[in-house]
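Beneath this line is the structure, given in structure tokens, with notes to follow.
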Amino acid sequence: MENDSSIIIRPSRDGDVEPMLAIYRRHIRRGVEEGVEESGLPEPDDLKDRRKNLRSHRLPHLVATLGGEVVGYAYVVPFRKRPAYRYAAKHSIYVHHEHQGRGIGRLLMQELIDACAAAGFHQMIGYIDADNTASLGLHERFGFDRVGLLRGIAFRYGRWADSVMVQRSLGAGSTAPPIPRPAR
């Protein structure tokens, strides 16, 4: 197991797009039977455009590297596009399957939380496969509460799977007025 000091968390770059896509594609194909159409999978230019858009809105898009290799990535998007929701962000974290269990998700999560708080967000939202006990445990350790269960919304491994919605307040959360954040 590598120690934390050898894992570097930094903003993503265009050169990180291919390894990020490889990680993402493996995660979303896991448990889905062969022959199911793969429409909607992002192409490199799609991810480059997404990164550019997120950066222009000061939303974090991070990678974790180990020995110069991208081994995970994380980002946030607006929870909803309407201006009333501008203080809530939905996050995603993906770790390369060969590097899970090394604390990479933990390091990415801490950076996301810090970046979201600094950007004036008051709430972070996530959706996690109900069978992903490692991710659920990580979120619980970081103070996320389970706030919803979406039953049978995915079909993987030959059965219907649930998704858990989690939420964490940042800073004063909903107990204090927000610091003005530009509408998206």
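The values are calculated or read from the model by the stated rules, or taken from the named source; none is laboratory data. From a predicted model like this one, the values you see are computed outputs, not experimental measurements. Cβ placement follows ideal geometry from the backbone for every residue including glycine, while neighbour counts extend to all protein chains displayed. Accessible surface is based on the protein model in full, side chains and every heavy atom, while ligands, DNA and RNA are left aside. Shrake-Rupley method; radii C 1.70, N 1.55, O 1.52, S 1.80 Å.
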Inset, instruction - Look at LEU62 and say whether it is part of a strand (DSSP E or B), open to solvent by 40 Å² or more (accessible area, probe 1.4 Å) and among the aliphatic types (A, V, I, L, M). - result: no
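Taking the conditions exactly as written (part of a helix (DSSP H, G or I) and either at pLDDT below 90 or closer than 21 Å to MET109 by Cα (or both)), does ARG10 satisfy them or not?
So ARG10 does not fit the description; no.
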Inset, instruction - Have a look at SER174, SER135 and point out the one that is hydroxyl-bearing (Ser, Thr, Tyr) and farther than 16 Å from GLY105 by Cβ. - result: SER174
Inset, instruction - Sort through GLY15, GLY105, GLY72 and tell me the only one that's assigned to a helix (DSSP H, G or I), of a type in the set (Gly, Ala, Ser), modelled with pLDDT of 90 or more and open to solvent by less than 30 Å² (accessible area, probe 1.4 Å). - result: GLY105
Legend entry - In the stretch 78-97, the residues that are of a type outside the set (S, T, N, Q) and open to solvent by less than 30 Å² (accessible area, probe 1.4 Å): ALA88, ALA89, HIS91, VAL95
Legend entry - Yes/no for ILE113 being in a strand (DSSP E or B), among the hydrophobic types (A, V, I, L, M, F, W, C) and either in contact (Cβ under 8 Å) with a residue 40 or more places away in the chain or open to solvent by 20 Å² or more (accessible area, probe 1.4 Å) (or both): no
